[in-house]
Every structure is written in C-alpha cells, then in structure tokens.
1. Which shape class applies to the range 253-348: rounded if a/c is under 1.5, otherwise prolate when a/b exceeds b/c and oblate if not, where a ≥ b ≥ c are the square roots of the Cα gyration tensor eigenvalues?
2. A 26 angstrom limit on the alpha carbon distance is what I want to check against. Which of Lys25/Lys209; Lys25/Lys218; Lys73/Lys209; Lys198/Lys236; Lys25/Lys198 exceed it?
3. So how much accessible area does Val56 have, in Å² to the nearest 10, using a 1.4 Å probe?
4. Give the carbon-plus-sulfur fraction of the accessible surface of the range 71-224 in %, rounded to a whole number; probe 1.4 Å, heavy atoms of protein chains only.
5. Kindly provide the helix-only [θ] at 222 nm of the chain, computed as the sum of -39,500 (n - 2.57) over DSSP H runs of four or more divided by all residues, to the nearest 500 deg cm²/dmol?
6. How high is the relative contact order of the chain? Use alpha-carbon pairs under 8 Å, at least six apart in sequence, and give a whole percent.
7. Assign one of three labels to the range 77-146, namely rounded, prolate or oblate, based on the Cα gyration tensor with a ≥ b ≥ c the square roots of its eigenvalues; rounded applies when a/c is under 1.5, prolate when it is not and a/b is larger than b/c, and oblate otherwise.
8. Which of His133, His276, His375 ends up with the largest GNM mean-square fluctuation for the chain, with Cα atoms connected below 10 Å?
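The values are calculated or read from the model by the stated rules, or taken from the named source; none is laboratory data. Remember, it's a predicted structure, so these values are computed and weren't measured experimentally. Here the Cβ positions follow ideal geometry from the backbone for every residue, glycine too, while neighbour counts run over all protein chains shown. What goes into the accessible areas is simple: the full protein's heavy atoms, side chains included, and nothing from ligands, DNA or RNA. Shrake-Rupley method; radii C 1.70, N 1.55, O 1.52, S 1.80 Å.
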Amino acid sequence: MNNEMNNNMSNNVNNEMNKEMNSAKNVIQLFDQNSSTFTYILFDESSREAAIIDPVDQHIERDLAALDGQKLKLKWVIETHAHADHLTSAGALAQRTGARTAVPAQCGIGGADTMLNDGTTMALGADKIAAIHTPGHTAGSMCFIWRDALFTGDTLLIGGCGRTDFQSGNAGAMYDAITQKLFSLPDATRVLPAHDYKGRLESTIGEEKRSNPRLAGKSRDEFIQIMNELNLPPPKLIDIALPANQRLGASADGLPECNVQPAADYAGNLPIALAHDWWQRGAAVIVDVRTQAERDWVGMVPGTVSVPWKKYPGMAVNPDFDATLKAQIANNKPVLFLCRSGVRSIDAARRAQSLGYTAYNILEGFEGDPDAARHRSTHNGWRHAGYAWVQD
C-alpha cells in the first residue's frame, strides 16, 4: 500500500469509524475501538456466501448492515478462540441470520454447530476456509486461511503476538505454531490479525518473518523469555467476557449478552438486567454518582460505591470526582455508573473512560424515567426491576 492509503486507513481506525475500512479481495475489515478488535467479513463473489470472523457484541447492527449492503448471505460465524477482552455476538448473529457457528474444539466453547480441529475446512462458495490449530495464546487458538489471506486471531499480530500468560497459554507452543506452521506459508500471504493498537491494518508473512521484533532472529528460548517478562495486567473484561464467550455470547441464563449499546466516548450502555448480572458475578463495580442526599432520601443499592458527579449547592460538577474515584476504585475491572435515570452517569462514564477506566453507563438509572404523572420507579429503573435496594 502507498503511504497515502496507509494514512487514510489509520485515520479511520483512530477516528473510531465503525464502517468498512478495507474491502480488498473480498475481505471487509471492521474495527472496535474499545478493544482494538478487528472483525472480518469474507465473501464469495459468485454465490454471495459470507463468513464473519470474531464479531463483537456492540457492533451486531453494523455487521448486519455490512452484509446487507453487499447483498451477502451469512453462512458461517467463526471464532478464533474464546476471547477475554470483548463479548462476542456469534450466537446472536447465528440466531438472526441462520448461519452456522464454528469454534475451535479445544477452547471450551459450548453450543456451536461445528467444532474445528487442525485441517477442518468450511465451504464458502467455490473455495474453502481452512482451520490451522495454533496453540499458545490459548490451548485451542486457531488461525484461518482463505485464498491469499491468513486470519491470525491473537496468535500472530503485526509486529508482535498475543500474550501467553493466562487461559492455558504457552509461549513455547506459540513459537512452534508460528515458526513451523504460519511462517511456512508463502511470504506474500496477507496477515490479518484480531487486534492492532497502532492504526495498522495488515501485514504479510514475509514482513513478519523479517521484522517482527518478538520473532525475527529469535530462538525459542529467547522468545519464551520475552513473553515471560511482559508482565501484562489481566484484561478488564475477562470475568465477564470469558464465561459469556464460552457460550457464544450468552449469559448464565442462556440469554444473549450482546445487548450492550455502543457509545462514542465510553465503553457502552448497559440495560439494568445486564448490569445487575455483571455486578452479582463480581465481574464489575457499580459506582453511584448521585449525591448523598439523594441516596439517603430515595434509597441506594447496598454494596455500591458512592462517588458523586455533582454536589450541592448548585449541582456543579464535583471537583473531587477524579481523586475520589481513583482512591476508591481499582482499575482492574469494568466500572458501571448509576444515577437517578441514566443521564448524569453518562458524563461520569465519559470522564472515567478518559481516566483509563473501562466505564459503562447503566440505562434507566436507580429510579427510572418519569411516567405520565411524573412519578418514577413505576415502569423502569433499578427499583422497578425488583433488585436489592435499601433506604436509610
């Protein structure tokens, strides 16, 4: 690609454009800003059959629109592994389109139509998508080869590779899989990873063999040492994403978890039921941004943390919000913001996201929206849903 094209594509990523960014050779590449995840739609031009790889829950409508815009029939929904950094929409996409789900056999993902082993193929029009078992990031991780494109998941990244320190990861196994399987492919093979954090879109096998700093010229022992010394924090969504993704994006009661509504400046908007589910599992923290007077007068959720967004008198923005949040909330899991009706909590979520938290707004809030008589807690909100609350 020339520099102008590279710059334009990088700007698309950095500007959080939820649209087609690269459709060369019948591969549509889409991006999720929150998790820096690429989703791929590949299609056969004659039959209009399509497959989607690693779809993200918040973008199900975007992905369906991309399929519809190209007049494609979704045949396969494919996962490279059980993700720990985002929720998949695989199950919901299959329900809405009639597509078949296909997942690696060794990833502990239940409910899929097809379990994939090394060498398994999936027909797509006149061609086939072939699975390559590449353990390392997880024991069951897979890459997929289709025509001249290699979809590398979290195994081989552009100038890097996936981490190997959790989920049955193994640095030695990753080195073997990349050097013995992936690097044996033709140098011109396109490398399309599941993530990139620097605005890059794709590479080639030849380029990664020559210049990948973790792999080029490195022995197996050197690679293992590099990976063992990364000391990365766990993904913030792991306690939510992993169990859901092992059910194709379904919650514990079997309902799809892909109803997180997208947001531009924070992680997303959560329905009350989903927020309650995450909180009850211990996978997230709820921060109540109402004033203490509101909590005392109207009621509160026991076990939540109080960090007011505004303060009496005058309801000006609380100048101590940042410091109080940082003092009370560790940045190791998602933070769900609750207010009266889901308005102030948007501003709080935006601010928290800018401070480095993974921040969500809880829709409807504690009291919910007013009814025709201007009364609250009559048709939505936390209290109306019947979840635990107390009043001093």
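1. Numbers: a/c = 1.71, a/b = 1.63, b/c = 1.05.
Taking the square roots of the gyration eigenvalues as a ≥ b ≥ c, the range 253-348 is prolate.
2. Those over the limit are Lys25/Lys218; Lys73/Lys209.
3. 0 Å²
4. Numbers: 2770 of 5560 Å².
Solvent-exposed carbon and sulfur of the range 71-224 make up 50 percent of the total.
5. Here the helix-only value at 222 nm equals -7000 deg cm²/dmol.
6. 12 percent
7. Details: a/c = 1.86, a/b = 1.04, b/c = 1.79.
It comes out oblate by the Cα gyration axes.
8. Greatest mean-square fluctuation among the candidates belongs to His375.
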